[in-house]
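Every read-out reported here was derived from the displayed coordinates using simple, explicitly stated rules and does not represent laboratory data. All values derive from a computational prediction rather than experimental measurement. Here the Cβ is made from the backbone with ideal geometry for all residues, glycine too, and neighbour counts use every protein chain on show.
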Amino acid sequence: MPATVIVGAQWGDEGKGKIVDLLAQNSDVVCRYQGGPNAGHTIVVGEETYKIRALPSGIVRGKPCVIGNGCVVDLEVLIAELDELGDRGEVYLSGNAHLIMPWHVAIDQASERRLGKLAIGTTKRGIGPCYADKAMRLGIRVQDILDPKILRQKIEVALAEKNLWLERVYETAPFDLETVAAQYESYAQRLRPYVADTSLYVDKALRDGKEVLLEGAQATLLDLDHGTYPFVTSSNPVAASAATGVGIGPRRIDRVIGVAKAYVTRVGEGPFPSEIEGPDQERMRELGHEYGTVTGRERRCGWLDLVALRYAVRVNGIDQLALTKLDVLSHFAELPVCVRYRTPDGSETPDFPAHQSDFHAAAPVYQVLPGWSEPLDGCASLEELPEAARTYVELVERELGVEVTLLGTGAERSSVLTRA
Ligand code: IMP
């Protein structure tokens, strides 16, 4: 099983970092294939908590790490992470990845402000404007830092236009060319040694029979093409994008592991059929510590949505599921699970609506399962779970036709159960 994709199956924050950290033990290389510092992967090791935004989570295990061409890179964030964690393992940064420049962050913030009630609720880290410039072929790439003259020229060309936008459209402060150029020249000095042909590196690793983990950020329902547009991120978290995001052929991918919470959370705006109404919403947020890693925002909480998960299984080709944070549910007497959506004409469907209006109008149809009150920390395998917890996991497997192979029962690295 040389190449494995780890993909978020809901709206992000499923605990992918923890699953990558676990699987990285037996892997040789860990790669990020999309997104940027909008991600925040949390890994708890004993007393230490790592919150990683730019580097692949495999860095905590000291594995060689690749930031693929599909990523967008904020050099300030990356350098801070390299200062903290960089001596743990080799880091390879794709020359084709795009740079998040200060004006991307400023435009993201100004544009959200301007949208007012229609705001997307982005992380305001410049993700959308950076990917937009990539598609417009106006972006600045990592490889541009290798040549100071080219770098300065590109900053100058970009600023000539961006400053007009910032001042005249968004009525906000422009950037000074000399200040930005000097700052990026110093970043360039620091980062030059990490720039690599990452496609070649990953290909070689696979040819040598090494185990490669391809770590997604954000998640299926935040995917630019397959998510709940426009309330999505600006890249493609789905598994197929791992191939383009690191530069390997799709047939090199052998396994797709979907990561889902045992319930659902969402940050930012957009429809959310199984969002909890009433005090259980707050209760779940507190029990699950559901606050954004990057922004600190409160996450919206909902019951497990198997219609959305069924969709994630389909669009990613998920063949195994990691179900995280099951322990959070130990505090509820009853557990509603959304198994179908009811449409306004009264019919019920197990399939995720293809049209946005149908999704907006979808109401959850719940199957209510009994809860359990036993703590899960004494369980050593899935088979040792309390009966009600096992029933919960079995319902997920039956409805999705996918086996749950990993089960998260606590924040600690060791709290992931496998089958006996
Ligand atoms: P952006 O990626 O910052 O442009 O934000 C777009 C949408 O994706 C917003 O709803 C964000 O809250 C959401 N989002 C982006 N990254 C993450 C993440 O890592 N976890 C959860 N939501 C995210």
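For the peptides 292-300, 210-218, the ranking by mean Cβ contacts within 10 Å, running from highest to lowest, is 210-218, 292-300.
Straight-distance candidates among the aspartates and glutamates for linking to LYS325, with alpha-carbon spacing under 14 Å and chain neighbours fewer than 8 residues away dropped: ASP13, GLU14, GLU286, GLU290, ASP377, GLU412. Classify the stretch 146-266: rounded, prolate or oblate, from the alpha-carbon gyration tensor (a ≥ b ≥ c, eigenvalue square roots; a/c under 1.5 rounded; otherwise prolate if a/b is larger than b/c)? Oblate is the answer for the stretch 146-266, as a/c is 1.5 or above yet b/c matches or exceeds a/b.
For a quick protection proxy, order the peptides 116-128, 50-62 by their average other-Cβ count within 10 Å, most packed first.
50-62, 116-128
Using a cut-off of 25 Å between Cα atoms, the listed pairs LYS18/LYS63; LYS51/LYS162; LYS149/LYS204; LYS124/LYS162; LYS204/LYS261 include LYS51/LYS162; LYS149/LYS204; LYS204/LYS261 as exceeding that distance. For LYS154, a cut-off of 18 angstrom between C-alpha atoms picks up these aspartates and glutamates, skipping any fewer than 8 places away in its own chain: ASP74, ASP133, ASP144, ASP176, GLU178, GLU185. Each residue, GLU167 and THR244, gets one label point 7 Å from its Cα in the Cβ direction; the gap between the two is 3.7 nm. The packing ranking, built from the mean of other Cβ atoms within 10 Å per residue, places the peptides 153-164, 318-329 in the order 318-329, 153-164, highest first.
Each eigenvalue of the Cα gyration tensor of the chain, multiplied by 5 and square-rooted, gives one semi-axis; in descending order these are 36, 26, 18 Å.
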